[in-house]
Amino acid sequence: MTQVAEAPAVVDLRSDTVTRPTEAMYARMRSAPLGDDGLDADPTARALEDTAAAMLGKAAGLFVPSCTMGNLLAVLAQVQRSEQVLLEAQAHMLNTERGAATLTGAFLLGIQGADGAMDLDRLEAALHPSASPLRTALIALETSHNAAGGTVLPVDHMAAVAGIARARGIPVHLDGARLFNAATHLGVPPAELTAHVDTVSLCLSKGLSAPMGAVLAGDAAVIAAARRLRKMIGGTQRQVGVVAAAGLEAVTAMGARLAEDHARARQLSDGLNALAPRLSATIPQTNIVQVDLARTGRDSARWVEDLESAGVRTRPLGPTRLRLVTHRHITAAAIDRAVAAFRTCLDAA
Ligand SMILES: *Cc1c(COP(=O)(O)O)cnc(C)c1O
């Protein structure tokens, strides 16, 4: 077949969830040993659970269809009705998922913070016996922090929260949907971060590029409880090794390239900040950039439309901001096209 010159594809900056499986993933999916995971285990799912748990420094792992389900199971397995969970006020588990708050009978209390990190004095105050009639059964962290623009919790902060929690016998869960991005930014293995938490959920279908799935990891007893609960909420699947095979490739091979996504995000941020003062972009630690549109005279819905017409897909973040996420399909040339599209839309006003 002759190669036809094509118009450049759309630059899709909506999310790193749009990433497609790699050729190596398809190869592993085709050859994966399979079983019935609900009946007597799927060997590829078990291999993924064991591999991911080891990388996260935990005794056991559980493959789940999504990171949302991993977070929900972490709460279900460790929190009773009328107990409370403390987490940062902008946490994904609190503001986006809401399931743990509405489906479990647990109360989720947001603690104000900065850059995704809870204020430690406020955390201590919320734990004081006089602060609430409810027992706190879990504290949850998030790194990188989605709503805070992909910021990474300092290791000192994670250690401080762990110290506060352990002194009171409270387990810590980490919503580590983008944990590998956080570890990449800090230049440490993921297990160095998860050493400060009891359970962790890791999303396989964001920058790591698997088509679906997440792993919840923790000690054997919590994961056994989560495995029973997973069945109750319909998360137990059958020949799930087909997709767990892609997950194995994701955890073992795809973390190493995330630094590229971070470099692309920085390139994007620099390009947009060159359009100041009309636009201002956050300086990313990982692969998420937030753009402030307040001085452009157009709201985020209008910007999303205008950029779409110029071949760039974005998502609104409230009325005056956009959220842009870099990933494996975004090249340096694509960033140049995106920045050019912003400039064109600005000048067209
Ligand atoms: C995306 C995300 C999730 C949910 O992941 P899914 O696999 O889409 O359910 C949870 N937490 C954070 C911080 C996220 O960014």
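Bear in mind these aren't lab numbers, they're just calculated from the coordinates by the rules spelled out. Computed from a prediction, not measured in an experiment: that's the story for all the values here. Counting neighbours? That spans all protein chains shown, and the Cβs are built from the backbone with ideal geometry, glycine included.
Hey, rough spin-label estimate for LEU120 and HIS329, points 7 angstrom out along Cα→Cβ, what's it come to in nanometres?
The answer from the label model is 4.2 nm.
Once the Cα gyration tensor of the chain is found, what semi-axes does its equivalent ellipsoid get, as square roots of 5 times the eigenvalues, in whole Å, sorted largest first? Don't jump to the answer; show the numbers that get you there.
Values: eigenvalues 234, 149, 53 Å².
In descending order, the three semi-axes are 34, 27, 16 Å.
Pull out the extension gain between LEU103 and SER31, defined as 0.36 nm times the separation in residues minus the alpha carbon to alpha carbon distance; nm, one decimal.
This chain segment gains 22.1 nm when fully extended.
Would you calculate, for the chain, the mean residue ellipticity at 222 nm contributed by helices, counting each DSSP H stretch of 4 or more residues as -39,500 (n - 2.57) and dividing by all residues, to the nearest 500?
Here the helix-only value at 222 nm equals -12000 deg cm²/dmol.
Can you grab the distance from the C-alpha centre of region 7-33 to the C-alpha centre of region 129-208, Å, no decimals?
Taking the Cα centre of region 129-208 as reference, the centre of region 7-33 is 28 Å away.
Quick one: if you stick a label point 7 Å off each Cα along the C-beta vector at ARG313 and ALA24, how many nm between them?
2.5
Kindly list the residues of region 48-81 that lie in the label zone of THR17, defined by a backbone N under 15 Å from the point 7 Å along the Cα-to-C-beta vector.
65-72, by backbone N distance to the label point.
Can you find, among THR252, LEU322, ALA47, the residue farthest towards the positive end of the dipole of the chain? Put +1 on the C-beta of Lys and Arg, -1 on that of Asp and Glu.
So the residue we want is LEU322.
Under a crude label model (7 Å from the Cα following the beta-carbon direction), how far is ALA59 from ALA348 in nanometres?
5.9
Which whole-Hz couplings ³J(HN,Hα) result when phi for each residue of region 262-268 is put into the Karplus expression 6.51 cos²θ - 1.76 cosθ + 1.60, θ = phi - 60°, listed in order with x for Gly and Pro?
Karplus-based 3J(HN,Hα) across region 262-268 equals 5, 5, 5, 5, 5, 4, 5 Hz.
Which cysteines does the chain leave without a neighbouring Cys Cβ under 4.7 Å?
Within the chain, the cysteines lacking a partner Cβ under 4.7 Å are CYS345.
Quick one: net charge of LEU48's neighbours, Cβ under 13 Å, K/R +1, D/E -1?
Every neighbour counted, the sum reads -3.
Quick one: dipole size for region 88-236, taken about the Cα centre, charges +1 on Lys/Arg Cβ and -1 on Asp/Glu Cβ, in debye to the nearest 20.
I would put it at about 680 debye.
Once amide H atoms are built 1.01 Å from N in the peptide plane, which residues 5 or more positions from LEU141, or in another chain, come under 5 Å H to H?
HIS173, LEU174, ASP175
Applying the Karplus parametrisation 6.51 cos²θ - 1.76 cosθ + 1.60 with θ = phi - 60° to the phi angles of region 183-198, what ³J(HN,Hα) value in whole Hz is obtained for each residue in order, glycine and proline being reported as x?
With coefficients 6.51, -1.76 and 1.60, one gets 5, 4, 4, 7, x, 10, x, x, 5, 5, 7, 6, 4, 8, 10, 8 Hz.
Stretched out fully, how many nm does the piece from VAL10 to ALA253 gain, at 0.36 nm a residue minus the Cα gap?
Value of the extension gain: 84.8 nm.
So what J values fall out for region 24-35 if you push phi through Karplus, 6.51 cos²θ - 1.76 cosθ + 1.60 with θ = phi - 60°, rounded to Hz, Gly and Pro as x?
4, 5, 4, 5, 5, 5, 5, 9, 5, x, 10, x
Please list, in chain and number order, the residues 5+ apart from THR136 or on another chain whose amide H is under 5 Å from its amide H, with Hs placed from the backbone.
Residues meeting the amide H criterion: GLN84.
What is the packing order of peptides 66-72, 56-62, 78-84, taking the mean over residues of other C-beta atoms within 10 Å and listing the highest first?
Highest-to-lowest ranking by the protection proxy: 66-72, 56-62, 78-84.
Assign unit charges at the C-beta atoms only (+1 for Lys and Arg, -1 for Asp and Glu), then state the dipole size of the chain relative to its Cα centre in Debye, rounded to the nearest 20.
That gives the chain a dipole magnitude of about 420 debye.
With the cut-off at 22 Å, report for region 218-341 the share of all Cα pairs above it, as a whole percent. Walk me through the numbers on the way to the answer.
Details: 3859 of 7626 pairs.
For region 218-341, the share of Cα pairs beyond 22 Å comes to 51 percent.
What's the ranking of 115-123, 280-288, 136-144, 174-182 by average number of surrounding C-beta atoms within 10 Å, highest first?
Highest-to-lowest ranking by the protection proxy: 174-182, 136-144, 280-288, 115-123.
Test of understanding: in a Gaussian network model of the chain with alpha carbons linked when under 10 Å, which of GLY35, GLY218, GLY255 would top the mean-square fluctuation ranking?
Fluctuation is largest for GLY35.
Please work out how much length the chain gains when fully extended from ALA224 to THR96, using 0.36 nm per residue of separation minus the C-alpha to C-alpha distance, in nm with one decimal.
Additional length available on full extension: 43.4 nm.
Cα extents of region 23-148 along the three principal axes, largest first, in whole Å?
56, 31, 25
What size of dipole, in debye to the nearest 20, comes out for region 201-319 about its Cα centre when the only charges are +1 on Lys and Arg C-beta atoms and -1 on Asp and Glu C-beta atoms?
Dipole size: approximately 420 debye.
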